[in-house]
Amino acid sequence: MAAQFRQSAQQKASSSSSSEQQVSKPGDVPCDVCTGTKLKALKSCLVCLESYCETHLEPHLTRSGLKRHQLIDPVENLEGRMCLKHDKLLELFCKTDQMCVCMLCTVLDHKTHDVVPLREGYEGKKAKLEAEIQQMIQKTQLKIEEIKHSVQLSKEDADREIADGVQVFTALKESVERSQAELMDTIKEKQRKTEKQAEGFIKELEQEISELKKRSTEVEQLSRSEDHLHLLQSFMSLNTAPPTKDWTEVSIRPPSYEGTVRRAVSQLEETLSEQMKKLFEVELKRVQQSAVDVTLDPDTAHPNLILSDDGKQVKLGKVSKNLPNNPERFDICVNVLAKQSFSSGRFYYEVQVKGKTEWNLGVVRESINRKGRIPANPQNGFWLLSLRNENEYYAHADPSVRLSLKSQPEKVGVFVDYEEGLVSFYDVDAAALIYSFTGCRFTEKLYPYFSPCTNNDGKNSAPLIISSVTLSRTVT
C-alpha cells in the first residue's frame, strides 16, 4: 500500500509539473528525454550530450555523480561539439590552425601548436571581431563623409556653374537688348530725317501754292480792266518772274535699311564669340585641374618609333629595331600607348604638335587590336583626333568628321571623364574646344594613345611631346 501511494504521488507530481512547464515550440530546444509531447529544455549537458526539461534535469541537480557534469543554456546539435576524430568534447582552441580541438588532439595532431581554452579563444576571437567591426564602421563612416564631401563639392560646382551661366546669359541678354535698342534707334533716326525733309518740301510747295493763288487773284483783277495796254504790260511782268521752281527732279526716297539688321546681328555675334571664348578659357582651366603625369610605354611602341629616355617624346625613325613581337606591341601602325591606364574619374594631359603635318592623338581601350591595319573608330575602341595634309583636321567618329578650325593648334589638350562618357580635345593656346566625343560607354581601362605618323619626306619629322600642364591665364 505504501509503494502504491508513493507511485500515485509521483505520477500526480509529474502530471502537475508537466502542466506547468512549457511545451516546446518551433525555435525552442526540445527535451531529449520526453516521450510524446516534448517540453522545452532548460539546460543542455556537455557530458551526456542531451538537453533536459525541468523534470528530467533534476538528476543532474541532485545526484553527486551527475552534479559534476557541465550544464549550459539549451543548444541544438550537441554532437557538433564532439571531435569527429577522437569522439571527445571540443573544449580547446588551436590558435595555430584556428580550429576547436579536444584534449586528445593536443597530444597528437596539435602537439606543438598554440592551444588555449575555449573561453580564451572565444575572447580573442571576439576582441578581434569587434576590432574589425569597429574598423569597418570607421571605414564606412569615412566613406559616408567622403560621399558627403563629394556631394558638397558637386553642389559648389553646380552653384558656380549656375552663377557663371546666369552671368553669361545676363550679359548676352543685355547685349541683345542693347543691340535691339540701337537698331530701333538707327531705323527711327533715318525715318525722322526722311520725315523732316518731306516736311520742308511740303512747306515750300504750300508757300508756292499761296503765291500762285495770290497771282491768280491779280490776274482776275486785271481781266476786269478795260485798259488793254495796262493789261498786256501787267501780263508780261507776271510771266517774266514765275513764282515757282522746277520740282520735276525733286522726290522723297525712302531710306535704305539694307544691312542694318545684318550689321547689328554681326556685332551681336562678335559679343557672343567673346563670351564663348571666356567660357572656354574657364572650362579649360577647370579640366586642367585633372592633369596627370603620362609617360610612353616602350613595350607597346612600333619598332620604327624612337622614344626619348624620359618617355615624353616620340618620333618615327628610319630603321626598324629588332624588338620582341609581344601581344602589347603595334606591328603595322606606328602607334604607342602610355604606361598609365585609367578606369574611373577624370584625367587630362597635353601634347605639343608644333611643326607636324600629320598626327593622331586620343585614348583607346585596353582590348584594342594591335596587330595589322586597325579601323580607328569608337566601335573598335578608339577615340581620336588627327591632322592630315598640314591643315585638315578630323575626329575619328563613324564616319569621320572634318573639322573647321580658326587656327592651327600647336598644343592639344586631351580630357576624359570616365563616368560621364566624355572625351574632349582643346587648342590649349587658343583656349578653344576642338571636338568632343559624348555619350561614350567605357567598360575597360583607357590608355592615352599617340601616333607621330609617317615622316612625309622630312616635313613631318618633328616629335610629339608630352608637355607639363601649365594652368591657363585667369579670365577677368
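Given the criterion modelled with pLDDT of 95 or more and among the polar types (S, T, N, Q), identify the matching residue among Ser436, Ser367.
Numbers: Ser367 fails: modelled with pLDDT of 95 or more.
Residue meeting the stated conditions: Ser436.
Name the residues in segment 116-142 that are closer than 20 Å to Arg81 by Cβ, open to solvent by 70 Å² or more (accessible area, probe 1.4 Å) and aliphatic (A, V, I, L, M), would you?
none
Which condition from (1) in contact (Cβ under 8 Å) with a residue 24 or more places away in the chain; (2) basic (Lys, Arg); (3) more than 25 Å from Phe425 (Cβ to Cβ) is the one that Arg262 breaks?
(1)
Mind listing whichever residues of segment 278-319 are under 30 Å from Leu172 (Cα atoms) and of a type in the set (Asp, Glu)?
Glu281, Glu283
Cβ-Cβ under 6 Å, sequence separation 6+ or interchain: first residue in segment 361-372 and buried (at least 21 other Cβ atoms within 10 Å of the Cβ), partner in a loop (DSSP other than H, G, I, E, B). Which pairs?
Filtered contacts from segment 361-372: Val364/Gly381.
Among the numbered criteria (1) at pLDDT 90 or above; (2) open to solvent by 80 Å² or more (accessible area, probe 1.4 Å), which single criterion is violated by His113?
(2)
Give the residues of segment 292-337 that are buried (at least 18 other Cβ atoms within 10 Å of the Cβ) and under 30 Å from Arg160 (Cβ atoms), sorted by residue number.
Matches in segment 292-337: Val294 only.
Under 8 Å between Cβ atoms, at least 6 apart or on separate chains: pull out the pairs that start in segment 197-212 with a residue that is closer than 24 Å to Pro254 by Cα and end on any residue that is of a type outside the set (Val, Ile, Thr).
What qualifies is Leu205/Trp247.
Would you check which residues across segment 4-45 are in a loop (DSSP other than H, G, I, E, B), in contact with a strand residue (DSSP E or B) (Cβ under 8 Å, 6 or more places away or on another chain) and modelled with pLDDT of 80 or more and list them? Steps first, please.
Initially, segment 4-45 is screened for residues in a loop (DSSP other than H, G, I, E, B), giving 21-22, 24-29, 31-38, 41-42.
With in contact with a strand residue (DSSP E or B) (Cβ under 8 Å, 6 or more places away or on another chain) added as a condition, the list becomes 21-22, 24-25, 28-29, 31-33, 37-38, 41-42.
Gln22, Lys25, Asp28, Val29, Cys31, Asp32, Val33, Thr37, Lys38, Ala41, Leu42 - these are the residues of segment 4-45 that are in a loop (DSSP other than H, G, I, E, B), in contact with a strand residue (DSSP E or B) (Cβ under 8 Å, 6 or more places away or on another chain) and modelled with pLDDT of 80 or more.
Filter segment 54-104 down to the residues that are of a type in the set (Lys, Arg), farther than 16 Å from Val33 by Cβ and in a loop (DSSP other than H, G, I, E, B) and list them by number.
Filtering segment 54-104 for residues of a type in the set (Lys, Arg) gives 63, 67-68, 81, 85, 88, 95.
Of the ones still in play, those that are also farther than 16 Å from Val33 by Cβ are 67-68, 81, 85, 88, 95.
Passing the criteria: Arg68, Lys85, Lys88, Lys95.
Looking at segment 211-245, which of its residues are in a loop (DSSP other than H, G, I, E, B) and modelled with pLDDT of 75 or more?
First pass over segment 211-245, keeping only residues in a loop (DSSP other than H, G, I, E, B): 224-227, 241-245.
Of everything in segment 211-245, just one residue is in a loop (DSSP other than H, G, I, E, B) and modelled with pLDDT of 75 or more, namely Arg224.
When residues of segment 70-87 are filtered for being over 59 Å from the mean Cα position of the chain (by Cα) and either without any contact (Cβ under 8 Å) to a residue 12 or more places away in the chain or surrounded by 14 or more Cβ atoms within 10 Å (Cβ to Cβ) (or both), how many remain?
Here the count works out to 3.
The values are calculated or read from the model by the stated rules, or taken from the named source; none is laboratory data. Since we're looking at a predicted model, the values are computed, not measured. As a convention, Cβ positions derive from the backbone with ideal geometry for all residues, glycine included, and neighbour counts pool all protein chains shown. For accessibility, only protein heavy atoms count, side chains too; no ligands or nucleic acids. Shrake-Rupley method; radii C 1.70, N 1.55, O 1.52, S 1.80 Å.
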